[in-house]
1. Does any residue of region 53-61 turn out to be surrounded by 14 or more Cβ atoms within 10 Å (Cβ to Cβ), among the β-branched types (Val, Ile, Thr) and in contact with a Gly (Cβ under 7 Å, 6 or more places away or on another chain)?
2. Could you grab the pairs with beta carbons closer than 8 Å, sequence gap of 6+ or different chains, first residue in region 41-53 and farther than 22 Å from Gly30 by Cβ and of a type outside the set (Lys, Arg), second one modelled with pLDDT of 95 or more and surrounded by fewer than 20 Cβ atoms within 10 Å (Cβ to Cβ)?
3. In region 58-100, how many are among the hydrophobic types (A, V, I, L, M, F, W, C), out of contact with any helix residue (DSSP H, G or I) (no Cβ under 7 Å at 6 or more places or on another chain), in contact (Cβ under 8 Å) with a residue 24 or more places away in the chain and more than 21 Å from Glu23 (Cα to Cα)?
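The values are calculated or read from the model by the stated rules, or taken from the named source; none is laboratory data. It should be emphasised that the depicted structure is a prediction, and the values quoted were computed from it without experimental measurement. Methodologically, a virtual Cβ is constructed for each residue, glycine included, from the backbone with ideal geometry; neighbour enumeration extends over all protein chains shown.
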Amino acid sequence: MKINLFGQKKSPEVAKTSEGKNEHTFTVMGSGCAKCNKLEQNVRQALTETGKKANVVHITDISQMLNRGIMSAPALLLDDQVVSTGKLVTVKEIKNIINW
């Protein structure tokens, strides 16, 4: 998958609900480094393990991070609300975040 330093990376494996669209979106923000990519993997694994459906987007545009006041990566957002910044959130922690 191509990573663009100043763009947006969307995975083709976006989980879908039966209606064809998801109510929730996880956004991973970071430069595309190993920790950022691992955070995206952790989100996908937590969704799979819980059976929950959500969109997963990985944004590598630094200006978008700064516009949201995010100063350290990786950052994790759920429905545009910042959940974590500057640390690699574990699968277990993400499962605790998923409460819908």
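1. yes
2. Glu49/Val91; Glu49/Lys95; Thr50/Lys95
3. 3
One line per residue, one yes/no per condition, for (1) closer than 20 Å to Arg68 by Cα; (2) modelled with pLDDT of 95 or more; (3) buried (at least 22 other Cβ atoms within 10 Å of the Cβ):
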residue: Ala15; (1), (2), (3): no, no, no
residue: Glu19; (1), (2), (3): no, no, no
residue: Phe26; (1), (2), (3): yes, yes, yes
residue: Met29; (1), (2), (3): yes, yes, yes
residue: Cys36; (1), (2), (3): yes, yes, yes
residue: Gln45; (1), (2), (3): no, yes, no
residue: Glu49; (1), (2), (3): no, yes, no
